[in-house]
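The values are calculated or read from the model by the stated rules, or taken from the named source; none is laboratory data. As the structure is a computational prediction, the values presented were derived from the model and not from experiment. Counting neighbours? That spans all protein chains shown, and the Cβs are built from the backbone with ideal geometry, glycine included.
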Amino acid sequence: MSHTFHCPQPLLVMIALTIFRYATLAIALIVGFVILKAIYNVFFHPLRNFPGPLRYRASRIFWVLDLIEGRQIYTIDQFHKRYGPVVRTAPDELSFTIPEAWRDIYGHRVGLVSGLPEIPKWPLFYKFTKQDVSIFNAPQGQHGTLRRALAHGFSEKSTRAQESIIGGYVDLLVTRLKEVADSKAPANMVQWYNYTTFDIVGDLVFGNSFHCLDNANYHPWVSLFADSTRQNSIFVGLKILGLDFLALATMPLVIRNMIKHFNLTKEWLRERRKLGTDRGDLIEGLLKKEGEGINFDEIHGTSMGLIFAGSETTATLLSGVTYLLLQNPKTLAKVTMEVRSSFKSDKEITLLSVQNLDYMLACLDEAFRLYPPVGIGLPRQIPKGGVKIAGIYVPEGSIVDVPQYAIHRSPDHWTEPESFHPERFLGDSRFASDKVETLQPFAVGPRNCIGRKLVDQPILKHTESIN
């Protein structure tokens, strides 16, 4: 015999009211906490005396929203133009556009505070998971081990070996662009540059091209990589706010794709292992030291970072310089004449020989200034005891950085900062007051970009080829 339970209506009402009361209380407590935290941040925080927009001083959430929406470099640039060279861009963060801040934040600390280590990277920004280990987020000691092993792939010998590989892909790019020109179809240069740089770095890291140029399309691995990179800003933002659990709960497809990409990269690295350790590529030194202070996870994480550092960033700079030259026909004509008058044949064009193209190099420097591939500030966290940055005391626990986009366009350091003038790097008297040392696209200090030669090669080869 079955029985049906009927809950009396008054009891249902009581349960509903109880849930409503607790929910209301929880919301009130959360709102109250947020308000009290904002009041503390604005009026009592150790950084309360530094200028900045009120809502950014009150809460980190606005900084996170700018990061996720991709507008942070422009927002912070405007803040510096309004508030000056030191701006409080979040409750616990200061942004500097003072040249000396490069050294004080990112440089070797010998002579600043003797015996103290470098100012560490902000772990919430750089380390996504416990398994995420690489040269880009390793602590100081292990970073040195990884960097010494990785340096082999950037040596003079390796660079010469890599030049023919890079040159082959640049030649293929020129061939494909001629095909596009013959078809009278428009060319999306951002895509073509990305095809090229991903093919180059894929070869130099995994020993195998992605064949993006051949197919005029992104390889599935590259597509997964690009998707993961875009989603990473969301994960980082949520993690900084202490809400990373929301990403795991609301973005399962993204998580699955990231895991798929993670595992596929490991498969590619295992295939690269089979090619041996005498290939002269970027990870040869890491593979030689595997099991001798360097593990496979570190090689995997570093390889992922190398792909990003050598692909999209390089393509961004190439896109920027192409746009700037096309927008300035006289400059384009001048750099074209320099390139064509310097070489009798393509065989004469090498990484060493293009170093003599002063005007082209100045164009690249000016493109780096106006369109830095990494335009945001790379955050460091002040250690115990506090540190002086550009002569200004910053208390421990604070986040500090130098935003490249903002410092490169600061009227305090550059004449006509929004305009394209390669001559500023060639001793033109109109730009005598420019502080060219402010331009640091590869950063400074012990964690500066080890891959500068890797970036320089395709940039120089691309630029002279399209001229």
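Residues that are of a type in the set (G, A, S), out of contact with any strand residue (DSSP E or B) (no Cβ under 6 Å at 6 or more places or on another chain) and crowded, with 18+ Cβ neighbours inside 10 Å: does region 286-301 have at least one? For region 286-301, residues of a type in the set (G, A, S), out of contact with any strand residue (DSSP E or B) (no Cβ under 6 Å at 6 or more places or on another chain) and crowded, with 18+ Cβ neighbours inside 10 Å: present. With respect to the conditions (1) surrounded by 16 or more Cβ atoms within 10 Å (Cβ to Cβ); (2) touching a helix residue (DSSP H, G or I) at 6+ places or on another chain (Cβ under 8 Å), L326 lacks only one, and its number is (1).
Of the numbered criteria (1) farther than 19 Å from A406 by Cα; (2) surrounded by 11 or more Cβ atoms within 10 Å (Cβ to Cβ), the one V31 fails is (2). Within region 149-161, the set of residues being surrounded by 13 or more Cβ atoms within 10 Å (Cβ to Cβ) and either among the acidic types (D, E) or at pLDDT 85 or above (or both) comprises A149, L150. Can you find, within region 38-63, the residue that is nearest to S398 (Cα to Cα) among those that are among the basic types (K, R) and free of Cβ contacts under 8 Å to residues at least 24 places away in the same chain? If we take residues in region 38-63 being among the basic types (K, R) and free of Cβ contacts under 8 Å to residues at least 24 places away in the same chain, then R48 is nearest to S398 (Cα to Cα). May I ask you to verify whether L241 is surrounded by fewer than 18 Cβ atoms within 10 Å (Cβ to Cβ) and either touching a residue at least 12 places away in the same chain (Cβ under 8 Å) or small (G, A, S) (or both)? So L241 passes the test. When each of V387, V374 is tested for being closer than 29 Å to N137 by Cβ, touching a strand residue (DSSP E or B) at 6+ places or on another chain (Cβ under 8 Å) and either hydroxyl-bearing (S, T, Y) or touching a residue at least 60 places away in the same chain (Cβ under 8 Å) (or both), the lone residue that passes is V387.
Of all residues assigned to region 241-252, at least one qualifies as being over 24 Å from the mean Cα position of the chain (by Cα) and either among the β-branched types (V, I, T) or part of a loop (DSSP other than H, G, I, E, B) (or both).
Has region 70-79 got at least one residue that is among the small types (G, A, S) and on the phi > 0 side of the Ramachandran plot? The answer is yes; a qualifying residue exists. A249 passes every criterion in (1) touching a Lys or Arg at 6+ places or on another chain (Cβ under 7 Å); (2) farther than 15 Å from I165 by Cβ; (3) among the aliphatic types (A, V, I, L, M) apart from (1).
Applying the criterion of at least 2 residues that are touching a strand residue (DSSP E or B) at 6+ places or on another chain (Cβ under 8 Å) to the helices (runs of 4 or more DSSP H) found wholly in region 139-239 leaves 140-150.
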